Amino acid sequence: MKILLFDLDGTLVRAGGAGRKALNRAVQNVFKVRKDCGELSLAGKTDLVNFAEAIEHAVGRKPTRRDVDRVHEEYIRVLPHFVRVSLRAKRYELTAGIEGLLKALAARKDEVALGLGTGNMERGARIKLGPSGLNGYFPWGGYGSDAYHRHLLLKKAVARAKKHHRLRRVDPRDVYVVGDTPLDVAAGKKAGYRTVAVGTGFSTWAALRRSKPDHLAKDFRNVEAWLRWLSLKPATRKKR
């Protein structure tokens with residue numbers, strides 16, 4: 001069975017900056033400051049890393065775990081509002097071709113297992129995915145709430161895949177990490193898995209090429225190419 005672990009932001013959806021805005025508001029509400037994390041790069045990292053960096057940037061000291069927990073709680077409270085704002089402004093969108101690819105892969109449930117491999121905390125990931133209608137494709141995953149380092153949450157995702165699909169063993173060569181940043185590629189490689197970089201998100205094409213993924217795609221529209229990378233036969237067309 002092939003296991004695909006999908007990043008979320010920039011890979012499955014573009015949420016119009018809802019996560020960044022929610023983190024800014026959460027830090028401001030918890031610490032009563034006006035400074036935000038506007039100049040910090042959040043893409044490709046775990047929420048635990050992003051929360052800690054945002055807090056340190058705003059208050060000028062290393063955060064405690066309690067600080068991070070308080071920001072996380074407030075972030076989850078305000079995130080739905082900012083997702084709705086993005087929807088109303090028509091800034092929330094699915095990446096090109098993702099629905100068609102997921103539908104094609106989900107039809108091969110005996111050959112393919114779909115999961116999340118995202119730096120988002122699990123509750124935050126589900127909130128962001130809510131309007132997309134894609135949550136149902138991903139019954140399990142690895143999340144930023146599982147580990148501080150991204151390659152470890154990918155390992156957790158594979159452990160959940162084994163349990164969910166009752167697999168005796170998983171060959172690392174059958175696990176594919178799909179993401180839109182070089183950090184996604186680096187984490188997949190460190191975990192020992194195959195990697196696919198997509199130009200749907202927040203990194204330049206040149207940066208994605210330099211990260212040397214196993215496969216590189218502009219988006220998800222070429223389903224046949226994705227099936228070929230996964231060593232899956234194309235779907236047979238019914239004769240009329």
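Every number here is computed from the coordinates shown, using simple stated rules; none is lab data. Since the model is a prediction, treat every value here as computed from it, not as a measurement. Here the Cβ positions follow ideal geometry from the backbone for every residue, glycine too, while neighbour counts run over all protein chains shown.
Of note:
- Applying a DSSP loop filter and a limit of 16 other Cβ atoms within 10 Å to the chymotrypsin sites (Phe, Trp or Tyr not before Pro) in the stretch 177-240 leaves 202.
- Under the combined filter of DSSP loop state and at most 13 neighbouring Cβ atoms within 10 Å, the stretch 57-139 retains these trypsin sites (Lys or Arg not before Pro): 61, 90, 91, 109.
- Residue-span extension gain [residue 57 to residue 29] - 0.36 nm each, minus C-alpha spacing: 8.6 nm
- Between residue 141 and 116, the built amide H atoms are under 5 Å apart, and every one of these is 5 or more places off in sequence or on another chain.
- FRET efficiency, 1/(1 + (r/R0)^6) with R0 25 Å, evaluated for residue 41 and residue 223 via beta carbons: 0.20
- Full extension of the chain segment joining residue 214 with residue 232 gains 4.9 nm, where the gain is 0.36 nm per residue of separation less the Cα-Cα distance.
- Residue-by-residue Karplus 3J(HN,Hα) for the stretch 149-156, coefficients 6.51, -1.76, 1.60, Hz, glycine and proline x: 9, 5, 5, 6, 5, 5, 4, 5
- Cα-based equivalent ellipsoid, the stretch 191-230: semi-axes from gyration tensor eigenvalues, Å: 17, 14, 7
- Ranked 1, 121, criterion: other C-beta atoms within 10 Å, fewest first: 1, 121
- Net charge dipole size for the chain [Lys, Arg +1 and Asp, Glu -1 on Cβ; Debye, nearest 20]: 640 debye
- Ellipticity estimate at 222 nm from DSSP helix runs (n ≥ 4, -39,500 (n - 2.57)) divided over the chain, nearest 500: -14000 deg cm²/dmol
- The charge dipole of the stretch 18-88, taken about its Cα centre with unit charges on the Cβ of Lys, Arg, Asp and Glu (plus for the first two, minus for the last two), comes to roughly 220 debye.
- Here the residues 132, 203, ranked from fewest to most Cβ neighbours within 10 Å of their Cβ, fall in the order 132, 203.
- Coil-residue GluC sites (Glu not before Pro) of the stretch 25-110, DSSP, other Cβ within 10 Å capped at 12: 39
- Structural size metrics of the chain, computed from C-alpha coordinates, are Rg and Dmax of 18.0, 68 Å.
- Normalised size of the stretch 18-88, defined as Cα radius of gyration per 2.2 N^0.38 Å with N residues, equals 1.02.
- Pairs beyond 25 Å (Cα-Cα), from 128/212; 21/190; 156/233; 45/233; 45/103; 45/189: 128/212; 21/190; 156/233; 45/233; 45/103
- Between the amide H of residue 16 and those of 93, distances stay under 5 Å, these residues lying 5 or more places away or on another chain, with hydrogens modeled in the peptide plane.
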